[in-house]
Amino acid sequence: MQFKNVLAVETSCDDTSAAIVTAEGFVRSVVSASQVQAHLPFGGIVPEIASRNHTHYLLPIIDEALKQAGMKLSEVDGFVVTSAPGLIGSLLVGLVSIKSLALAEGKPFIGVNHLEGHLLAPFLKDDKYAPPTDFTYPYIGLAISGGHTSLYEIRALGDYDVLGHTIDDAAGEAFDKFAKMIGLGFPGGVFVDQVAAMGGKVNAFHFPRALSRDGTYNFSFSGLKTAAQRTVESLAPAQREQLKAELKMWREKNLPQGSLLSDFCASFQEAVVDVLVMRLGQGVARTGLKRAVLTGGVSANSRLRARAQEWAVRDGVQLVVPPIRYCTDNAAMIGYAGILRLNKGEFSSQDLGPSPKAPLGNHLR
Ligand code: KG4
Ligand code: ZN
């Protein structure tokens, strides 16, 4: 049987999302609820709150996704859910819901790896966006989010080599920890991006670029976090006061251009971006592939997008960065990975359980 469309659900972390996706990657609808407000007072994601909110939001979101696609549940050919990796309680909510729907409708379902969803997101399209018509496998995929930083060679569906991965913090985690440390709040990546763009000088502070020289393409961001902490601690009292005053202005939305705060953010951001762009370049050099993809929440970063684009033009690489709605966690990317697999004859059984940790692809080293 050929699956023309699927209902997909993504609940691996703190976003609740449902989508209807076709076998061509056309997103008929995607509806998501962010839980940022619920986790804000805690300065990070609280797993128990995340799963409780998923139970609250998921069914209305599924109804809304069907409604926006103009479909009834019975018109869906199959079901897809993120089954790994992620927070166990969060994954469970999506998995149990999709298993129940599949059982009730008597249709197949498949559990997919969240990272596979991110890596195939460049193929998604809708009424407003389509990837370049000549974009295809194979390509270099850099998946950068709050939980992952991995460089892949994507050869075909299910044929992925891991060229490198983070050995400590993920890039998004580094942004979030830095933002929390300096008082910008949660979730920090987007705030660092915004403040840096307010005239911040990228070389005002020196931060290390951790690039292993052991022949691997791994990443490490914990040293950068420590360096930022030391920089904060070594600020002169007058600078500390200035930073505090600027934070207050930022919260009140009247931070002027070119502040110490924006210099700090821009310098930190540049250190992360330098490493990411360099690794992209190394992935291309190693494989000879002239096609690259940025995906995951951190690929929303405006400086990274600009720098990666510059690099791509200079080196003659076709760079595809999906629109932000398909870079951050969403069910459309999960649906697309799932429908491709269903159409290859794969499906999951009702025994499938969630896996909090699930490596994707062949580790070369
Ligand atoms: O892919 P995603 O939505 O969820 C995970 O799977 O983790 O990524 C979320 C991460 C967070 O760490 C967030 O701070 C980061 O993406 N992020 C950004 C930006 N927007 C989101 N980091 C830097 N700049 C941004 N504009
Ligand atoms: Zn993600």
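No other residue among Val321, Val313, Val284, Val293 is within 16 Å of ligand 2 (Cβ to nearest atom), modelled with pLDDT of 95 or more, under 27 Å from Phe175 (Cα atoms) and surrounded by fewer than 24 Cβ atoms within 10 Å (Cβ to Cβ) apart from Val321.
Annotation: Arg341 fulfils all but one of (1) within 16 Å of ligand 2 (Cβ to nearest atom); (2) assigned to a helix (DSSP H, G or I); (3) within 17 Å of Leu120 (Cβ to Cβ); the unmet one is (1).
If you go through the range 333-364 and pick out every residue that is more than 18 Å from the chain's Cα centre (by Cα), open to solvent by less than 70 Å² (accessible area, probe 1.4 Å) and in contact (Cβ under 8 Å) with a residue 40 or more places away in the chain, you end up with 11.
Exactly one residue among Ser90, Ser74, Ser97 is of a type in the set (Ser, Thr, Tyr), part of a helix (DSSP H, G or I) and open to solvent by less than 10 Å² (accessible area, probe 1.4 Å), and that residue is Ser90.
Can you tell me which residue is least open to solvent (accessible area, probe 1.4 Å) among those in the range 167-181 that are more than 16 Å from ligand 2 (Cβ to nearest atom) and assigned to a loop (DSSP other than H, G, I, E, B)? Talk me through it step by step, then tell me what you get.
First, pick out the residues of the range 167-181 that are more than 16 Å from ligand 2 (Cβ to nearest atom): 167-168, 177-181.
Narrowing further to those that are assigned to a loop (DSSP other than H, G, I, E, B): 167-168.
Working: Ile167: 114, Asp168: 57 Å².
Only one residue tops the list, namely Asp168.
Entry remark, the range 227-267: residues being open to solvent by less than 70 Å² (accessible area, probe 1.4 Å) and either touching a His at 6+ places or on another chain (Cβ under 7 Å) or of a type outside the set (Gly, Ala, Ser) (or both) number 16 in total.
Within the range 122-148, being part of a loop (DSSP other than H, G, I, E, B) and either open to solvent by less than 20 Å² (accessible area, probe 1.4 Å) or in contact with a helix residue (DSSP H, G or I) (Cβ under 7 Å, 6 or more places away or on another chain) (or both) holds for Leu124, Pro131, Phe135, Ser145, Gly146, His148.
The single condition from (1) more than 9 Å from ligand 1 (Cβ to nearest atom); (2) modelled with pLDDT of 95 or more; (3) part of a helix (DSSP H, G or I); (4) not hydroxyl-bearing (Ser, Thr, Tyr) that Phe191 fails is (1).
Going by the conditions given, is Leu184 surrounded by 16 or more Cβ atoms within 10 Å (Cβ to Cβ), in contact (Cβ under 8 Å) with a residue 12 or more places away in the chain, over 19 Å from the mean Cα position of the chain (by Cα) and part of a loop (DSSP other than H, G, I, E, B)? Judged against the criteria, Leu184 is a match.
Given Val195, Val190, which one is closer than 23 Å to Ala300 by Cβ, of a type in the set (A, V, I, L, M, F, W, C), open to solvent by 60 Å² or more (accessible area, probe 1.4 Å) and in contact (Cβ under 8 Å) with a residue 60 or more places away in the chain? Let's see the steps before the verdict.
Details: Val195 fails: open to solvent by 60 Å² or more (accessible area, probe 1.4 Å).
Being closer than 23 Å to Ala300 by Cβ, of a type in the set (A, V, I, L, M, F, W, C), open to solvent by 60 Å² or more (accessible area, probe 1.4 Å) and in contact (Cβ under 8 Å) with a residue 60 or more places away in the chain holds for just one of Val195, Val190, which is Val190.
If we scan the range 149-166, do we find a residue that is touching a residue at least 40 places away in the same chain (Cβ under 8 Å), surrounded by fewer than 22 Cβ atoms within 10 Å (Cβ to Cβ) and within 16 Å of ligand 1 (Cβ to nearest atom)? Yes, there is a match, as at least one residue in the range 149-166 is touching a residue at least 40 places away in the same chain (Cβ under 8 Å), surrounded by fewer than 22 Cβ atoms within 10 Å (Cβ to Cβ) and within 16 Å of ligand 1 (Cβ to nearest atom). Within the range 1-15, the residues that satisfy the criterion of being at pLDDT below 95 and buried (at least 20 other Cβ atoms within 10 Å of the Cβ) are Ser12, Cys13, Asp14, Asp15. Evaluate the range 112-121: report whether one residue or more is crowded, with 20+ Cβ neighbours inside 10 Å, outside any loop (DSSP other than H, G, I, E, B), more than 14 Å from ligand 2 (Cβ to nearest atom) and in contact (Cβ under 8 Å) with a residue 12 or more places away in the chain. No, the range 112-121 has no match at all.
For the range 20-35, residues that are surrounded by fewer than 20 Cβ atoms within 10 Å (Cβ to Cβ) and part of a loop (DSSP other than H, G, I, E, B) total 3.
Confirm whether Ala102 is open to solvent by less than 10 Å² (accessible area, probe 1.4 Å) and more than 16 Å from ligand 2 (Cβ to nearest atom). Explain how you work it out, then say what you get.
Values: open to solvent by less than 10 Å² (accessible area, probe 1.4 Å): yes; more than 16 Å from ligand 2 (Cβ to nearest atom): yes.
When the stated conditions are applied, Ala102 passes them.
The values are calculated or read from the model by the stated rules, or taken from the named source; none is laboratory data. Here the structure is a predicted model, which is why all the values come from computation and not from measurement. Cβ atoms come from the backbone with ideal geometry, glycine included; neighbour counts cover every protein chain shown. The area values use the complete protein model at the heavy-atom level, side chains included, leaving out ligands, DNA and RNA. Shrake-Rupley method; radii C 1.70, N 1.55, O 1.52, S 1.80 Å.
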